[in-house]
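What follows is one structure encoded as structure tokens, with my remarks underneath.
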Amino acid sequence: MNTKNIFTTHKSIREFLPRIVDDAIIMKIFNAAIRASNTGNMQLYSIILSTQPKIKEELLPLHFNQMMVKKAPLVFTFCADINRFNKWCKLRNAKPSYDNFLWFSTALTDTVLAAENAALAAENAGLGICFLGTTMYNANEIAKVLQLPKGVVPVVTMVAGYPEKNITEVTERLPYEGVVHFERYHDYSDKDIEKYYHNLENLDKMKNFVKENNLENLAQVFTSVRYTEQDSEMFSKKYLDFVKESFRIN
């Protein structure tokens, strides 16, 4: 793939060929991930690669039975990790003070940057990828499957492999005017919102979502079906409780 195109042609791939990915490609993905920008060169993340059917079977229900977890050759779980750095500090007679919300946020940032580098490397190697936001919903249970110690918290999962189908349609995004601000933040008027969400709302598949759920518009699909208040509150508390326990945050 032309590396100039991977930034603008991303497609979420959820169906994969039963084809093994060469170790050389996997190492390119890892090497790209660890070269990502990070805080103080601390690299406050760890990456767990799951390829064995047994492990993927255990992870499957924790990702709401999305079959790509089972069928993708590669399942990467990116974790915020202060455990490794803390152990290094203690081994060198240095007292770490990173078990707090600030450093969880720092580790989370490092983790996401590494994950995006991994995604770009995978796509550049001809693989398809899809990120799973379900990781935060069941982080505690995922941590048990992957045997994560205290100070290591799952943040996001990425499945990867050779696409089963040749998908040419790229995922719709807001125009750059909808997300870019110059010098200072300029709040959105109703007219702006109408303009920036027009194309998204008028995609056939989005209109079908609205019709299938018997709702008035796409925004209601998000708030009433996909990401409800009840689910948000429940999973938010669940994830926060796990982060507090793992990072020993008061």
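The values are calculated or read from the model by the stated rules, or taken from the named source; none is laboratory data. Computed from a predicted structure; not experimentally measured. Here Cβ is always computed from backbone atoms with ideal geometry, including for glycine, and neighbour counts include all displayed protein chains. Surface areas here come from the heavy atoms of the whole protein model, side chains and all, with no ligands, DNA or RNA. Shrake-Rupley method; radii C 1.70, N 1.55, O 1.52, S 1.80 Å.
Quick rundown of the values:
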read-out: Top-ranked residue in region 173-188 [being surrounded by 10 or more Cβ atoms within 10 Å (Cβ to Cβ) and among the charged types (D, E, K, R); ranked as farthest from the chain's Cα centre (by Cα)]; value: 177
read-out: One residue from 237, 207, 244 being basic (Lys, Arg), open to solvent by less than 90 Å² (accessible area, probe 1.4 Å) and either under 21 Å from the mean Cα position of the chain (by Cα) or modelled with pLDDT of 95 or more (or both); value: 244
read-out: Residue check for residue 3: assigned to a loop (DSSP other than H, G, I, E, B), open to solvent by less than 90 Å² (accessible area, probe 1.4 Å) and modelled with pLDDT under 95; value: yes
read-out: Single match in 121, 80, 143, 114 (criterion: touching a Ser or Thr at 6+ places or on another chain (Cβ under 8 Å), part of a helix (DSSP H, G or I) and small (Gly, Ala, Ser)); value: 143
read-out: Residue among 145, 170, 153 that alone is of a type in the set (Val, Ile, Thr) and either surrounded by fewer than 17 Cβ atoms within 10 Å (Cβ to Cβ) or closer than 15 Å to residue 33 by Cα (or both); value: 170
read-out: Selection from region 26-42 of residues that are surrounded by fewer than 19 Cβ atoms within 10 Å (Cβ to Cβ), in contact (Cβ under 8 Å) with a residue 40 or more places away in the chain and not charged (D, E, K, R); value: 30, 31, 34, 36, 37, 38, 39, 42
read-out: Residue count, region 100-113 (criterion: buried (at least 18 other Cβ atoms within 10 Å of the Cβ) and more than 20 Å from residue 34 (Cβ to Cβ)); value: 1
read-out: Test: residue in region 57-64 that is part of a loop (DSSP other than H, G, I, E, B), within 20 Å of residue 138 (Cα to Cα), in contact with a helix residue (DSSP H, G or I) (Cβ under 9 Å, 6 or more places away or on another chain) and free of Cβ contacts under 8 Å to residues at least 60 places away in the same chain; value: no
read-out: Residue 161 vs. criteria modelled with pLDDT of 95 or more, of a type in the set (Gly, Ala, Ser) and farther than 30 Å from residue 200 by Cβ; value: no
